[in-house]
Amino acid sequence: MDTGVTYHYNGPLSYEVNGSTDELGTELPIEFTFHNIDHFVGSGQLQNLCIRTLWHVTVDRTTREVK
């Protein structure tokens, strides 16, 4: 930061893909889940910040519609 204040960062990230096949034209996964937790820890009197992101996406293989 411009002020010289430092934060420490940690957090798990997971990504899981289910249902993909090797058939021609069906390379898209049926579903995937992206889960990320960003934890910023401030020193001293600084506030901590936690940002959570969760995406769960399914794909219709026939229409390729994302749900």
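We did not get these values from a lab; they are worked out from the coordinates using the rules stated. Keep in mind the model is a prediction, meaning the values are calculated, not measured. Every residue, glycine as well, gets a Cβ built from its backbone with ideal geometry; the counts of neighbours run over all protein chains shown.
Observations on the structure shown:
- Model label zone, T33; criterion: amide N under 15 Å from point 7 Å along Cα-to-beta-carbon; scope the stretch 46-67: 53-59
- Each peptide in 51-61, 30-40, 6-16 receives the mean, over its residues, of other Cβ atoms within 10 Å, and ordering these scores from highest gives 30-40, 51-61, 6-16.
- Label-point gap, in nm, between E65 and F40 - each point 7 angstrom along Cα→Cβ: 3.9 nm
- Using the Karplus relation 6.51 cos²θ - 1.76 cosθ + 1.60 with θ = phi - 60°, the per-residue 3J(HN,Hα) values for the stretch 44-49 come to x, 7, 5, 6, 8, 9 Hz, with x marking Gly and Pro.
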